[in-house]
1. Please work out which residue is surrounded by the fewest Cβ atoms within 10 Å (Cβ to Cβ), limiting yourself to region 1-50 and to residues that are in a helix (DSSP H, G or I) and hydroxyl-bearing (Ser, Thr, Tyr).
2. Quick test of your reading of the structure: Glu57 fulfils all but one of (1) modelled with pLDDT of 90 or more; (2) charged (D, E, K, R); (3) surrounded by 13 or more Cβ atoms within 10 Å (Cβ to Cβ). Name the failing condition by number.
3. Could you check how many residues of region 50-80 are touching a Ser or Thr at 6+ places or on another chain (Cβ under 8 Å) and over 19 Å from Ser40 (Cβ atoms)?
4. Of Ser27, Ser40, which residue is free of Cβ contacts under 8 Å to residues at least 12 places away in the same chain and of a type in the set (Gly, Ala, Ser)?
5. Residues in region 42-52: is at least one over 11 Å from the mean Cα position of the chain (by Cα) and at pLDDT below 95?
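The values are calculated or read from the model by the stated rules, or taken from the named source; none is laboratory data. Everything quoted here is computed from the prediction, not taken from an experiment. Note that we place each Cβ from the backbone using ideal geometry, even for glycine, and neighbour counts take in every protein chain shown.
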Amino acid sequence: MPNLQETTEQILTLAAQHFKVPRERLSPDDDFFKKLGINSLQTLDLLTRLENHFHVELPDYELQGVSDFRTLAERIQARL
């Protein structure tokens, strides 16, 4: 099982690939809406990709208010 740092790194890498941005432009504390310039529908697409990658299911109530990569990684890590 990956640790929190590894989970965070995997999320950043997947987000960079998915939205075609350089990985080095993203950091754990970035607000992904602002940094990636994405809307809620694009965010759902990313979340689905992350759920499939990590083999977890993230309930909507756990994601309310989450907008940075670090918190997202913590929520995924709690499900591993």
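1. Residue satisfying both the conditions and the ranking: Ser40.
2. (3)
3. 5
4. Ser40
5. yes
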